[in-house]
1. Can you pull out every residue in region 324-342 that is assigned to a loop (DSSP other than H, G, I, E, B), over 15 Å from Q157 (Cα atoms) and within 24 Å of the chain's Cα centre (by Cα)?
2. Against the definition (surrounded by fewer than 23 Cβ atoms within 10 Å (Cβ to Cβ) and touching a residue at least 40 places away in the same chain (Cβ under 8 Å)), how does V99 come out, yes or no?
3. When I115 is evaluated against the numbered criteria (1) outside any loop (DSSP other than H, G, I, E, B); (2) farther than 18 Å from I352 by Cβ, which criterion, by number, is the only one it fails?
4. When you check G358 against the structure, is it out of contact with any Gly (no Cβ under 9 Å at 6 or more places or on another chain), in a helix (DSSP H, G or I) and farther than 17 Å from I108 by Cα, yes or no?
5. Among the residues of region 144-151, is there at least one that is more than 27 Å from S336 (Cα to Cα) and either without any contact (Cβ under 8 Å) to a residue 12 or more places away in the chain or in contact with a Leu (Cβ under 9 Å, 6 or more places away or on another chain) (or both)?
6. In region 50-99, which residues are β-branched (V, I, T) and more than 17 Å from the chain's Cα centre (by Cα)?
7. Only one residue in L162, L146 is closer than 30 Å to K334 by Cα, in a helix (DSSP H, G or I) and at pLDDT below 90. Which one?
8. I'd like the full set of residues that are among the hydroxyl-bearing types (S, T, Y) and either within 23 Å of the chain's Cα centre (by Cα) or loosely packed, with under 13 Cβ neighbours inside 10 Å (or both), limited to region 170-210.
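The values are calculated or read from the model by the stated rules, or taken from the named source; none is laboratory data. Because the structure is a prediction, the values reported are computed rather than measured. No Cβ is skipped: glycine too gets one built from the backbone with ideal geometry, and neighbour counts run over all protein chains shown.
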Amino acid sequence: MNWFSSSSLRRIKTLPGVHSLLLFFSVFGPATITAMADNDASGVATYSVAGATLGYPILFLLLIITVLLAVTQEMGMRLTLVTRRGLADLIREKFGVKVAVLIFLALIVANLGTITVDVAAIKTTGSMLNIPAIPLMLVLLVFSFLMVTKGNYKLTQGLMLLSSLFYLAYVISAIKAKPDWGLALSNLAFPHGVTFSPAYLKNYLLIGMGVLGTTITPWGQFFISSFSFDKKMESGKIFFSQLETYIGAFLTDFFSFFMIVATAATLFVNNIPLVSGEQAAKAIEPFAGQLAGTLFALGILNAGFMGLIVVSLSTAYAFSEFFGLQGSLDSNFKQSKMFYLLFGFQLFIATIIAVIPGVSLFNLVIITQIINAVTLPLIFYYLLKLTDSKNLMREYVNTSFQKWFTIIGSVVIFIASLATLAATFFKL
């Protein structure tokens, strides 16, 4: 498989080892933060439900998704570094305002659903950890708004990278659950160990699309492009940015693997149904111990905090690019007024929805992930068109593997999306 362009490989061979390492750390951040934020609270809920409902066989799909995540996010990173433009900006210019508006509407609806789940997760896990829920939620929301509007790019990146370290909690929770590691690892190669009944296969399709929709997100494709552009990275560092993208994709699903294993080893094997990530934190305690449950809950709290910032920023970035406005974390409120107002507006609306009694967060997660999965093939189409253009990319066009793997992945996603919609709305 040819993951890197020949131009990138030629340039890296001319650099000494220490210099290469310094260059790598100079670009480190955007790809890792984008990938890790895919494991936000709605992502944790989806992975938890997947492990509890399907067991270890869902890990086979996770491995394929990891490769697709790495390939497509690398395209977005490379596109920005070569063209010095964001993905949303290029879509508007090359394919028109109507397309831009259509994609943005789908993006903001799905993102609001995701942010709402993140806010609700903060509230719920606060109660579970014996922290006053509403004050905790309000403190984190105000802190997030002030950090983004009063801080700068460097501060935001640093705090998000620090938050990424808290995902180690899921590794400890999975180890405490004492899973069948042989069965878990072998399911990465092929799904087995369960009875593949029609009901199981239907759940595999529905929940599998949820896993896809929460791992490879439309907002992630825009955020990695915009966040990289906002960092003002040099085009000569493309190889190192590509490398970080692949490392970030591995890390996000490395932690997703342990989320699934923790719930599969405790809830699936004991036939305990699950509808949320927060419920998983409580449910695994009798089997893995109080420490495992507490760490799982802390992980959800951190994931909710990280998700509400990154997903809200992705909408604000996309809006600014789609409609030709300034939007940068290094600009002040007056310079990027709409960028910051949209960021805050999303937090406000999500909070209102999250505190409404009777709102089904589980249904919100499912609907959000279906919108994500249905929108993805369209975004991949435009991403491929742009990164295959020699006029735009010069010698940095896609390799054959990148091109055809994404095309095949897009077709499979589209077909699976139609099947998921049919199964969901027509009760097949």
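1. G327
2. Taking the combined requirement at face value, the residue satisfies it.
3. For I115, the exception is condition (2).
4. Taking the combined requirement at face value, the residue does not satisfy it.
5. Within region 144-151 (the criterion being more than 27 Å from S336 (Cα to Cα) and either without any contact (Cβ under 8 Å) to a residue 12 or more places away in the chain or in contact with a Leu (Cβ under 9 Å, 6 or more places away or on another chain) (or both)), the answer is no, since none of the residues qualifies.
6. Once the filter is applied, which keeps residues that are β-branched (V, I, T) and more than 17 Å from the chain's Cα centre (by Cα), region 50-99 yields T53, I58, T80, V82, T83, I91, V97, V99.
7. Exactly one residue qualifies, and that residue is L162.
8. Once the filter is applied, which keeps residues that are among the hydroxyl-bearing types (S, T, Y) and either within 23 Å of the chain's Cα centre (by Cα) or loosely packed, with under 13 Cβ neighbours inside 10 Å (or both), region 170-210 yields Y170, S173, T195, S197, Y204.
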